[in-house]
Amino acid sequence: MNAMDHDRLKENLSAFVDGELSADERRELKAHVAGCPGCARELQELQGVSSAVRAHGEEHAPAALGASILREAGRERGSADRYRASLVRAAAVLAAAAVLLVFLGNRFKPKLVDLVGGFVSGWSPATAAVGATKAP
Amino acid sequence: MSKLTPDDLVRGHLDGVYALALRLTGNASDAWDLTQESMLRAIRFLPGFRGECAASTWLYRITVNTWKNRSASAPSRWWSRLVPLEAAVDGAGAAAPDAVDPAPGPETAAHDSDQREEVQIALAALPPEDRAALQLRELEDKSYEEIATILEVPVGTVKSRLHRARRKLCEALRQYERYGS
Ligand SMILES: [Zn+2]
C-alpha cells in the first residue's frame, strides 16, 4: 500500500467511528486496522475522544431563557395583531370613502346632465358655478 | 402531522439550540442572545415549516444562519469570541484545585468534574464551526448528511472537519494527561 492510500484510510477512521462508511469501505478499513498498530491506536483514541465529548459536553439553557423567548414572541404576536387591525381599519375607511364617492357621483349625475343641457340651451355664469361646486 | 407551536419549540429544543449557540459563540452571554434571536425567527417562520426535516435540524440551521449573519454584520464580535476563550483557560488554571464541591464527595465525582473541565477547555480551543460539527455529531446524534444541511457545507467537509476536530481534541487531552493533575 502506498502512502496516499494509507492517508485515505486514516482519514476514514473518524467516519468509521460515526458509522458513516459504506459496507465496502468498512470492510476494507477493518481489515487494515487489524494489521496496522498505528491505525488501531488512532482508532482507539478517536473513540475515546468521542465518548469523552458525549459524557462531558452536554449543556443546559438557563432557566429564564425559555420564558424570555416566549414572552418576546407573545409581544411580537400582539404587535402583529395590532398592525393587522390597523390595516383592516384603514381598508374600512377607504371602502367607506369609495362608497360615498359612488353615491355622490350617482346623486349629482342629473345635475351634470342639466349642466350639459344648459350649455346647449344657453350658457349662464350662475348654472356653471352651481355645476362646478356640486359636481364630485 | 400536528402543527408545532412556539411552546413545543421551546420545550423540546431550547437546550439543543442553546448548546449549539454556545459552541458557535464561545460564551454564555452571546449564546443567550443568539438563542433568543434564532428561536424568535423560527417562531416567525413556523407557519412555513412543513416538516421536510426534523424540527431540530430546521432549528439548528436557522441558528447557524443567524450566527453567520450576526458575525457578518458585527465584525467586532470576532473579539468577543477570543476574549472568553482566554478567560476560560485562565479561570480553569486558577480554579482547578478548588473546583470540586467542598463537601466530601466520592473520588469519581472529582475525577468526572476534572474531565468535564478538560473537555470543555479543549473544545474551546477549536474553531467555532468544528465545535458546532462535534456538538451536532456527539450530542445531537446528527448524521453527516444532516450536519451538512445545518452548516450548509458539503458532506465531505463535515467528514474532514470532524476528523480534524477529534485529532486536535486528542492532542489537547493528551497534554492534560501528561502535565495535568
Ligand atoms: Zn494504518
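Here are some notes:
- Summed over both chains, the area buried between A and B is near 3400 Å², taken from the accessible surface of protein heavy atoms with a 1.4 Å probe.
- Net dipole in debye of the range A:3-56 [+1 Lys, Arg Cβ; -1 Asp, Glu Cβ; about Cα centre; nearest 20]: 220
- Working from label points 7 Å from Cα in the Cα-to-Cβ sense, the A:Glu25 to A:Arg77 distance is 4.4 nm.
- Site pair B:Gln175 and A:Ala97 shows an inter-label distance of 7.0 nm when each label is modelled 7 Å from Cα along Cα→Cβ.
- In the context of the full set of protein chains, the range A:3-56 has a per residue accessible area of 54 Å² (1.4 Å probe).
- Legend: mean number of C-beta atoms from other chains within 10 angstrom of residue C-beta atoms, peptide B:144-156, equals 1.
- Taken about its Cα centre, the range A:39-97 carries a charge dipole of about 540 debye when Lys and Arg each add +1 at the Cβ and Asp and Glu each add -1 at the Cβ.
- Neighbouring partner chain Cβ atoms per residue of B:160-168, average, 10 Å criterion: 5
- With the convex hull of its Cα atoms as the shape, the range A:3-56 has an orientation-averaged projected area of 3.6 nm².
- Rounded to whole numbers, the Karplus 3J(HN,Hα) couplings from phi for the range B:10-22 are 5, 5, x, 10, 4, 4, x, 5, 5, 4, 5, 4, 5 Hz, using 6.51 cos²θ - 1.76 cosθ + 1.60 with θ = phi - 60°, and x at Gly and Pro.
- Descending by average beta-carbon neighbour count within 10 Å, the peptides B:46-52, B:140-146 line up as B:140-146, B:46-52, the highest first.
- Calculated FRET efficiency for the pair B:Asp141/B:Asp7, C-beta based, R₀ 25 Å, to 0.05: 0.55
- With all protein chains in place and a 1.4 Å probe, the accessible surface of the range A:3-56 carries 51 percent carbon and sulfur.
- For residues of A:17-26, the mean tally of beta carbons on other chains within 10 Å: 3
- Span from the the range B:132-181 Cα centroid across to the the range A:29-55 one, whole angstrom: 14
The values are calculated or read from the model by the stated rules, or taken from the named source; none is laboratory data. Quick caveat, the model's predicted, so the values are computed rather than measured. Here Cβ is always computed from backbone atoms with ideal geometry, including for glycine, and neighbour counts include all displayed protein chains. We work out accessible area using only protein heavy atoms, side chains counted, and drop any ligands, DNA or RNA first. Shrake-Rupley method; radii C 1.70, N 1.55, O 1.52, S 1.80 Å.
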